[in-house]
1. Of all residues in the range 46-70, count the ones that are surrounded by fewer than 18 Cβ atoms within 10 Å (Cβ to Cβ) and either free of Cβ contacts under 8 Å to residues at least 60 places away in the same chain or closer than 11 Å to Lys93 by Cβ (or both).
2. Which is in contact with a Phe, Trp or Tyr (Cβ under 9 Å, 6 or more places away or on another chain), in contact (Cβ under 8 Å) with a residue 24 or more places away in the chain and among the polar types (S, T, N, Q), of Asn75, Asn110?
3. Please enumerate the residues belonging to the range 120-143 that are at pLDDT below 95 and among the hydrophobic types (A, V, I, L, M, F, W, C).
4. Looking only at the range 42-62, count how many residues are modelled with pLDDT under 95 and over 15 Å from the mean Cα position of the chain (by Cα).
5. So which pairs qualify, if the first residue must be in the range 29-45 and in contact (Cβ under 8 Å) with a residue 40 or more places away in the chain and buried (at least 16 other Cβ atoms within 10 Å of the Cβ), the second must be part of a helix (DSSP H, G or I) and among the hydroxyl-bearing types (Ser, Thr, Tyr), the Cβ gap must be under 8 Å, and the two must be at least 6 apart or on different chains?
6. Given the conditions (1) at pLDDT below 95; (2) surrounded by 12 or more Cβ atoms within 10 Å (Cβ to Cβ), which single one is not true for Tyr117?
7. Val85 versus (1) within 15 Å of Val33 (Cβ to Cβ); (2) β-branched (Val, Ile, Thr); (3) part of a helix (DSSP H, G or I): which is the lone unmet condition?
8. Of the residues Val100, Val85, Val73, only one is touching a strand residue (DSSP E or B) at 6+ places or on another chain (Cβ under 6 Å), within 18 Å of Arg41 (Cα to Cα) and surrounded by 14 or more Cβ atoms within 10 Å (Cβ to Cβ); which?
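The values are calculated or read from the model by the stated rules, or taken from the named source; none is laboratory data. Fair warning: this is a prediction, and the values are worked out from it, not measured in the lab. Note: ideal-geometry Cβ built from the backbone for every residue, glycine included; neighbour counts use all protein chains shown.
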Amino acid sequence: MRFFAFLFFLNFILAPNLTAKENISGNPDHLNVYYFRGNFRCSNCYKIETYTKEAVEKFFAKELESGELVYNVINIDEKENAHFVEDYKLYTKSVILSRVIDGAEAEYKNLQKIWEYLGDRERFHNYIKEEIGGFLHRKEEGQ
């Protein structure tokens, strides 16, 4: 029990320090997959983060490795990340896809059905897979 209390405590000490990562891919054309969270995190918040990361790593490992796709978990309660709330009209924990072309954001989409599919891991994974795949496919078509 003491161990779990310690982990819970560490979460509140370390979690607020997580901020947006720079585009480490160096690729001016890429797709950002953002999971936006706050300081307070419920079990569903952790589940969304876990399921999103699992889907991205399972279905898009090659794109992650090449830098074509970049996955970030961003704490919007951090001062330097507060602009994302307005940029993406965030009102709750969210997964956002953001296409970057020539270093500038060209389009984005809030994957709002994550809440609908939260009770079904496979359906959640498939939703993430289809949405990311659609963004990557449009890039290949030049859209």
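1. 12
2. Answer to the selection: Asn75.
3. Phe135, Leu136
4. 2
5. Val33/Thr52; Tyr35/Thr52
6. Among (1) at pLDDT below 95; (2) surrounded by 12 or more Cβ atoms within 10 Å (Cβ to Cβ), the lone unmet condition for Tyr117 is (1).
7. (1)
8. So the residue among Val100, Val85, Val73 that is touching a strand residue (DSSP E or B) at 6+ places or on another chain (Cβ under 6 Å), within 18 Å of Arg41 (Cα to Cα) and surrounded by 14 or more Cβ atoms within 10 Å (Cβ to Cβ) is Val73.
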